[in-house]
Amino acid sequence: MIMSERATPRHMSREAFAASGLSFTYAFHNTPLGDVIALVCDGALAGLGFAPDHSSALADMQRRWPKANMVHEPNAGANFVMDVFGKGSPATVPLLLIGGELDRAVWAGLLMLGAGETITYGALAARLGRPKAARAIGAAVGRNPICVAVPCQRVNGKDGSPTGYHWGLATKQALLDWEIKHL
């Protein structure tokens, strides 16, 4: 599985996305860790979030891009979700990282983590050349809209223990445990 080794990211600022007129297609899919919402834009996975409550998951993605057009297509992103969770071929998955400059730099840094590698917020900040910006780096990690594929679950607190995860610590721990089994 380990997506970060099979991702091909493209970057786009929020402003460029807003000006592009692009829209998202989305759908909900079942995975070994529960339902997810997948957002696809311009042929790439742009959003992936755990979705125990479909309405809340869609609202979460709409809050991230409030002016974006969201179109439900029942199979949107199905192939990407299968590849992310190891049910499909070991294909390269195109990602579209839409966010601010710091966000995109942090998410690209997360993609550099090796299979099963975890890191602290402070170490990630240092690796990105911003050793005094652990909090800002942590906030950018928290804004990651593409869970699992951009492995924000691998970032831990100063003492190495799992902390903070947009979809909850129980989900983070289950995901980390699942990854270890599938290395």
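The values are calculated or read from the model by the stated rules, or taken from the named source; none is laboratory data. Since the model is a prediction, treat every value here as computed from it, not as a measurement. Ideal geometry is used to build each Cβ from the backbone, glycine not excepted, and the neighbour counts take in all protein chains shown.
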Query raised in the report: All but one of (1) surrounded by fewer than 22 Cβ atoms within 10 Å (Cβ to Cβ); (2) within 16 Å of the chain's Cα centre (by Cα); (3) not in a strand (DSSP E or B) hold for N75; which doesn't?
Result: (2)
Query raised in the report: Within the stretch 60-82, is there a residue that is without any contact (Cβ under 8 Å) to a residue 12 or more places away in the chain and in contact with a helix residue (DSSP H, G or I) (Cβ under 8 Å, 6 or more places away or on another chain)?
Result: no
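Here are some residues: A51, A38, A59, A16. Which one is under 19 Å from T171 (Cβ atoms), of a type in the set (A, V, I, L, M) and surrounded by fewer than 14 Cβ atoms within 10 Å (Cβ to Cβ)? Step through it out loud before you land on a result.
Values: A51 fails: surrounded by fewer than 14 Cβ atoms within 10 Å (Cβ to Cβ); A38 fails: surrounded by fewer than 14 Cβ atoms within 10 Å (Cβ to Cβ); A16 fails: under 19 Å from T171 (Cβ atoms).
Within the list A51, A38, A59, A16, the selection yields A59.
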Query - Set N144, N156: member being closer than 20 Å to F80 by Cα, without any contact (Cβ under 8 Å) to a residue 60 or more places away in the chain and not assigned by TED's automatic domain parsing to the domain that holds D60 - result: N144
Query raised in the report: Looking only at residues in the stretch 1-45 that are of a type in the set (V, I, T) and in a strand (DSSP E or B), which one is farthest from N75 (Cα to Cα)?
Result: T8
Query raised in the report: Regarding G47, is this residue without any contact (Cβ under 8 Å) to a residue 24 or more places away in the chain and within 15 Å of P9 (Cβ to Cβ)?
Result: no
Report task. Report yes if L48 is in contact with a Gly (Cβ under 6 Å, 6 or more places away or on another chain), within 19 Å of F85 (Cα to Cα) and in a strand (DSSP E or B), otherwise no. Result -> no
